[in-house]
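In what follows, a single structure is set out as structure tokens and then discussed.
Just so it is clear, none of the values below were taken in a lab; they were calculated from the coordinates. Since we're looking at a predicted model, the values are computed, not measured. Virtual Cβ from ideal backbone geometry, glycine too; neighbours counted across all protein chains shown.
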Amino acid sequence: MAPSSYRRPARTLAALASVLLLSGCARPINRHAERLIREQLDGYIGPAAAWTVRVDGAPLNTLRGSLSQVAIHGTSVALRGAIELADLEVTLSRLQIDIGRRQVRSIGGAGFSATIAEAAIDRYLKQDAGAAPDYRVRVLRLRQGKLILYGQKRWLGRWWNFSVSAVPHLVSPTRLAYDPDKMTVIGMRLPIPRAILRRFARRLSSGLDFSALPFPVRITDVSVDEASVSITGNVEVTDGLRDQLDKMAPLVAPKSLR
């Protein structure tokens, strides 16, 4: 059985699709579903500047409880304890709903993608600035697959500039990390203590931990562009998740229409 923290929002996203049990033509049904899903997202995933939802399905299939896709997109999504996501997209495909029992029977597939902006990583690192008073982060930049941290070290009464170059790598299905032993210090002859590099690495790793998402994910690809980190992967659909979808489905349709 998957941990309950894995089951709750992913099961909710699929369960909310059961509002399509309502009668009527496809788009009014789908729009009603989209609104109900959208209203739940701040609480289940996290606050965002904006959430959009698109429910797709051919009219007859929709009325029979067969949904081709539910696509959810958020901008400036705040995850607890992690770096803000510039964009988050979650897509559930081939949803099958038991009309009579108001239960989600199956989910064909689920995927996600996320983008983290350079500025958000910079802000996140600077929040930890007081932990090492003799070191400070001036700015962070993303260049050619690498993260470059421009910082300063206090020595002999003045601040000396240095930069650290690092490449992210997957250390688990949900977490990116930076190996402090592979960080390259540039532009400073004075040694940077390994403890400081480990502090930077730990801070980055904790902010790039996608277990902060309240549904189970498996990252399949990571790329670093000029101003962002892009992540894609799958949302894992477990037996435990399906069990919880059945429990949530009756809660979705408005009482007046049950």
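Data table
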{"quantity": "Estimated FRET transfer efficiency (residue 132, residue 71; beta-carbon r; R0 45 Å; 0.05)", "calculated": "0.60"}
{"quantity": "Rh by Kirkwood over Cα pairs, then Stokes-Einstein D for segment 119-210 at 1.002 mPa s and 20 °C, µm²/s", "calculated": "159 µm²/s"}
{"quantity": "Cross-link partners of residue 153 among aspartates and glutamates (Cα-Cα below 16 Å; sequence separation of 8 or more within a chain)", "calculated": "128, 134"}
{"quantity": "89, 84 arranged by Cβ crowding within 10 Å, fewest neighbours leading", "calculated": "89, 84"}
{"quantity": "Additional length obtainable on full extension of the chain from residue 143 to residue 119, 0.36 nm per residue less Cα span", "calculated": "7.3 nm"}
{"quantity": "Sorted by Cβ neighbour density within 10 Å, fewest at the top, the residues 160, 155, 51", "calculated": "155, 160, 51"}
{"quantity": "Local electrostatic count at residue 146 - Lys and Arg +1, Asp and Glu -1, tallied over other residues with Cβ under 13 Å", "calculated": "-1"}
